[in-house]
Structure formats: structure tokens, C-alpha cells
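Every number here is computed from the coordinates shown, using simple stated rules; none is lab data. Keep in mind that this is a model prediction, so the values were computed, not measured. When we count neighbours, we look across all protein chains shown, and the Cβ atoms used for this are built from the backbone with ideal geometry, even at glycine.
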Amino acid sequence: MWYFILGVLAPIILNLMHLVLGIWITVVRGSVIGLGFSAVGFVTKTIGMLFLTWLGIGHLNLEVGIYIPLLTFFWFFTHVVEGVVIKHYMEQNVPKYLQKIQIK
């Protein structure tokens with residue numbers, strides 16, 4: 001059960017919270033601030049990943065060979081999804097005059 005909660009649900013929930021906040025920042029504050037939040041998010045996600053690793057391996061004594069692949073797979077997958085979604089909102093946030101001069 002701990003494998004599922006910490007290895008699957010925890011990274012999905014943490015990245016989902018980061019995604020919602022990133023969308024809000026990108027839409028309300030603009031693409032540059034949203035890009036800055038994504039950069040800072042790299043640090044906060046790393047801290048979260050280290051905490052979940054410590055909690056699972058060091059504190060709950062979960063099996064490394066099972067826990068770490070679960071944690072890293074779901075963390076990476078949700079990270080890629082977040083990048084694609086944030087990119088979409090950044091593209092929607094470009095002013096019309098810049099959209100007209102872009103080569104498509």
C-alpha cells in the first residue's frame with residue numbers, strides 16, 4: 001500500500017498541484033513569469049523528490065528496487081505532461097501583434 005501511495009499517488013498529486021498553480025501564474029501574470037515559476041519549480045520538485053525518497057527508503061524501509069522505479073516513472077511522466085500543458089497556455093498567452101509576425 002505504501003508503494004502505491006508514495007510511489008504513484010504522491011508524485012501525481014504534487015505535480016498536479018504544481019500544474020494548476022503554473023497554469024494560473026501563466027494566464028494571470030504572463031508567460032515570462034510562468035517560465036520563471038517553472039524554473040523555480042524544478043528546485044521545489046527536486047526537494048519533493050528527495051523528501052519522498054527519504055520517507056520511503058529511510059523511514060518506511062521500502063524496497064529500493066520497487067519504490068524508486070515507481071517514484072521516478074510517475075514523477076517523470078507527470079513532469080512531461082505538465083510541460084506540454086504549460087507550453088500550450090504560454091502559446092495562448094502571446095499577443096496578437098507577435099502572432100502575426102511569427103513564421104508558421
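Fewest first, what order do 88, 59 take by the number of other Cβ atoms within 10 Å? Walk me through the numbers before you get to the answer.
Values: 88 12, 59 8.
Fewest to most other Cβ atoms nearby, the residues stand as 59, 88.
Note on the chain: with charges restricted to the Cβ of Lys and Arg (+1) and Asp and Glu (-1), its dipole about the Cα centre is near 540 debye.
Would you tally the net charge around residue 31, using a Cβ to Cβ cut-off of less than 13 Å, leaving residue 31 out, and scoring K and R as +1, D and E as -1?
Details: positive: 29, 87; negative: 91.
With Lys, Arg at +1 and Asp, Glu at -1, the net is +1.
Entry note, the chain: relative contact order of 47 percent, from Cα contacts under 8 Å with a spacing of 6+ residues. Per-residue 3J(HN,Hα) values for segment 91-99, derived from phi via the Karplus relation 6.51 cos²θ - 1.76 cosθ + 1.60 with θ = phi - 60°, read 5, 6, 9, 7, x, 4, 5, 7, 5 Hz in sequence order (x marks Gly and Pro).
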